[in-house]
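In what follows, a single structure is set out as structure tokens and then discussed.
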Amino acid sequence: MSGSDPLSLFPLIAWTLRIHCWLLHALDSRVMRAILIDEPGDENCMKIGEAPPASIRAGAIRIENHASGVNRADLLQRQGFYPPPPGAPPTLGLECSGVVTEIGDGVESFAMGDRVMALLPGGGYAEEVVVDAGSAIALPDALSFEEGAGLTETLLTVFLNVFQLGDLPQGGTVLVHGGGSGIGTTTIDLVKRAGGKVIATAGSAEKCARCLEIGADAVANYRDEDWVEVVKKTTDGRGVDVVLDSIGASYLEGNLNSLATDGALVLIGLMGGAKAEISLGALLTRRLRVLGSTLRTRSDAQKAGIVSAFLERFGDDLAVGKIRPVIHQVFPLADAPEAHRMLKASTHFGKVILSVR
């Protein structure tokens, strides 16, 4: 080649550049299956379609998504009532599990091919997600992808609100509403694992019985029982240390009456309304705390801190498969509308999962 005319190399260079540009275009035009919503509405507004995957960024990992958990926040977002935080994907889905396929600059906690489960600001109803590495947890070999997809949101929600914000004392008691939900079943698991007691409410005799089966110390059917009286009876009149509530206004008075002195009401949802009156005198004389809390809108650094603290306390149990979700049903991704109908009807006990692959 040393004696060849340099001009003869131009066709080869041009051909190489064309191939390079074609590859870049192919990468840029990649698409993935995802649940798309043109306009907010009922379950029928969700359709399976194609969307471009997000670009990798520093500090993040790309996950080939195998399964995603379904949460009530997804139902609200679908209806246009819970928009994603700035910078988050518009696609539904706050938790997933899968395999790491790309690693952003500065990430040392994961390697290509690692099985992970992750807390997401959005994007779980899709074949790929990009998420800050601090929001991901190694998926134990003892757990399936479907089990991993049903853990991250509930584990971190319960840990943040009961143990960190609620400051549950050693041997303390928690009242959790919706004991048959993913949050409810996880609260029973973690609080009992930490040596505490749990009183749950549920809406049917069957769900009440199952709450007791998985470890609840007492349960009240909110349709025909006074759950405040059940709390008083179970605690010998003392009350509970923490109330974890997703109902809101309609339960506010009962929640405050259920608290022991120095107790905390942690509000994580407003299914029963957003406005109510409270007796400020009760807060003063019994030194009660009322806290509002969301997980989705917290910064990446805050979420990473919650993950780290959770793993420090419960990581050993998670790693060997002692912590696992109660799964009610797994739906294919295209059946997301049916999964939402199930949550809306509250006919499930535990988690509802979408199988993405």
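Its Cα centre serving as origin, region 155-292 has a Cβ charge dipole (Lys and Arg +1, Asp and Glu -1) of approximately 220 debye. Against the longest principal axis of the chain, how steep is helix 10-28, in degrees 0 to 90 to the nearest 10, with axes from Cα atoms? Taking Cα atoms only, the helix is inclined about 10 degrees.
Is the shape of region 192-262 best called rounded, prolate or oblate, per the rule: a/c under 1.5 gives rounded, else a/b larger than b/c gives prolate, else oblate, with a ≥ b ≥ c the square roots of the Cα gyration tensor eigenvalues? Display every interim value, and only then the final one.
On the way: a/c = 1.60, a/b = 1.13, b/c = 1.42.
Oblate, because a/c is 1.5 or more while a/b does not exceed b/c.
Normalised by the number of residues in the chain, what is the relative contact order in percent for Cα pairs under 8 Å and 6+ residues apart?
17 percent
To the nearest 20 debye, what charge dipole does the chain have about its Cα centre, counting +1 at the Cβ of each Lys and Arg and -1 at the Cβ of each Asp and Glu? Display every interim value, and only then the final one.
Details: 32 positive and 42 negative charges, 107 e Å.
Charge dipole, the chain, about its Cα centre: 520 debye, nearest 20.
Partner aspartates and glutamates whose Cα lies under 17 Å from the Cα of K303, excluding those fewer than 8 positions away in the same chain, are identified as E95, D132, E153, E312. Look at the dipole of the chain built from charges on Cβ: of V228, A126, L155, the Cα furthest out on the positive end belongs to V228.
What number comes out for the charge environment of S355, summing +1 per Lys or Arg and -1 per Asp or Glu over other residues with Cβ under 11 Å away?
Details: positive: R357; negative: E146, D335.
Charge balance in the 11 Å sphere: -1.
From helices alone, the chain scores -9000 deg cm²/dmol at 222 nm; the rule is -39500 (n - 2.57) for each run of n ≥ 4 DSSP H residues, then divide by the residue total.
Counting every alpha-carbon pair across the chain, the share separated by more than 34 Å comes to 31%.
If you run the Gaussian network model on the chain, springs between alpha carbon atoms under 10 Å, then out of L155, L267, L280 the most flexible one is L280. Compared with the dominant Cα axis of the chain, that is its longest principal axis, helix 182-193 is turned about 70°.
Throughout, read-outs are computed from the coordinates displayed, never taken from laboratory work. Here the structure is a predicted model, which means the values were calculated and not measured. We place every Cβ from the backbone using ideal geometry, glycine too, and count neighbours over all the protein chains shown.
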